[in-house]
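Presented below is the structure to which this report refers.
What follows is calculated from the coordinates using simple rules that are stated; it is not laboratory data. In this text the structure is predicted, and so the values were computed from the model without any measurement. So basically every Cβ, Gly included, is an ideal-geometry build from the backbone, and we count neighbours across all protein chains shown.
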Amino acid sequence: MPINPDAVGTVGPENEISWTSKDSLLYALGVGAGQTDPTGFELEFTTENTSATAQQAFPTQVVVLGGGGGVDFGDFNLAALLHGEQHITLHQTLPAEGTAIGQGRVAAIHDKGKAALVVLETDVRDTDGNPWWTTRSGLFISGEGGWGGDRGPSATWTLPDRAADIVHGFDTRTDQALLYRLNGDRNPLHSDPLFSSLAGFETPILHGLCTYGVSGRALLHALCDGDPDGFGSMGGRFKSPVIPGERLDVHIWNEGDQVLFQTRVGDRVVFDSGVFAHR
């Protein structure tokens, strides 16, 4: 079996991460910032030279900054990999440009029977050694389960039995995937009609992490008044693909000690089991 369950706990090398003002501008455009009103809304994310407006970065940009490379947990067919879960925690506000040190590790490998769930975590600190952000990704790999290992914890997220307290969302552009891919994910599933058809899709689909970023953008405005200083953590599970041009609406429930959310296209859930926390 190519996946190595004994890789749990493996720590990768420390990696320097650097990002520029241009990188932050590109990410902002990639998750749709500025589309609603390009000269009056989100200029702090889409420009670096607007009068009396300091450039800022979206908290979810950390998902494209990397830092967790060099962790080996076995060999497998990349076509069998599905990005199933994504979580981020911001310990400090992400600036528009900076340098940090990241280190990845294999946090868990669960046996789901017909698939393996590999959980990768990356801890990132600033150059003074202070924690900056943490990312956690869950990767489902078909055909790699069945070795008799631990199935992992059961899901505890429950959809509230009432309408959402807040619904906030944004339209995506028909060329959204072509913009977002410039952040580094050049998978032809999101750009090549022939490749996407071979994967069973009528048209190229939006990157899951773009759906994640648009959702985070909606949460930032709905719950933090657009101020990244208030954005603490965000996580959940990818449910179904999005076609560029579809509208993403985030349904938000305030449960007192936590904030729950789902991202939907109409009645279709595309990001599920969402949990948000302020910082």
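Within 10 Å of each residue's Cβ, count the other Cβ atoms and sort 39, 134, 50 from fewest upward. Intermediate values should be presented prior to the final figure.
Numbers: 39 9, 134 18, 50 12.
Ascending number of Cβ neighbours within 10 Å: 39, 50, 134.
The convex hull around the C-alpha trace of the range 88-229, projected and averaged over every direction, spans 12.0 square nanometres.
For the chain, find the longest principal axis of its Cα atoms and tell me its angle to the long axis of helix 21-30, 0 to 90°, nearest 10. It works out to around 80 degrees. The slack in the chain from residue 99 to residue 81, taken as 0.36 nm per residue of separation less the alpha-carbon distance, amounts to 3.5 nm. About its Cα centre, the dipole of the chain is roughly 580 debye, where the only charges are +1 on Lys and Arg Cβ and -1 on Asp and Glu Cβ. Within a Cβ distance under 10 Å of residue 245, other residues only, what is the Lys/Arg minus Asp/Glu net charge? Around residue 245, the surrounding residues sum to -1.
Once the convex hull of the alpha carbons of the chain is built, what does its volume come to per residue, in cubic angstrom? Spell out each step's value before the answer.
Numbers: hull volume 38.1 nm³, N = 279.
Roughly 136 Å³ of hull volume per residue.
Centroid-to-centroid, using Cα positions, the range 49-65 and the range 241-276 are 23 Å apart. Give the angle, between 0 and 90 degrees and rounded to the nearest 10, that separates the Cα long axis of helix 208-224 from the longest principal axis of the Cα atoms of the chain. With both axes taken from Cα atoms, the answer is about 50 degrees. Residue 13 sits among other residues whose Cβ lies under 12 Å from its own Cβ, and their net charge, with Lys and Arg +1 and Asp and Glu -1, is -2.
Over all orientations, the range 59-146 has a Cα convex hull whose mean projected area works out to 5.9 square nanometres. For the range 166-278, taking Cα atoms only, Rg and Dmax work out to 14.5, 47 Å respectively.
Under 21 Å Cα-Cα from residue 239, which lysines qualify once same-chain neighbours fewer than 8 residues away are excluded? Once the sequence-local lysines are set aside, what remains near residue 239 is 112, 114. Listed by chain and number, the aspartates and glutamates whose alpha-carbon sits under 14 Å from that of residue 22, ignoring those within fewer than 8 places in the same chain, are 44, 48, 97.
Within the range 1-104, the chymotrypsin sites (Phe, Trp or Tyr not before Pro) that combine a DSSP coil assignment with at most 16 other C-beta atoms in a 10 angstrom radius are 41.
The Rg/Rh ratio of the range 1-124, with both radii computed over alpha carbons and Rh defined as the Kirkwood radius, is 1.08.
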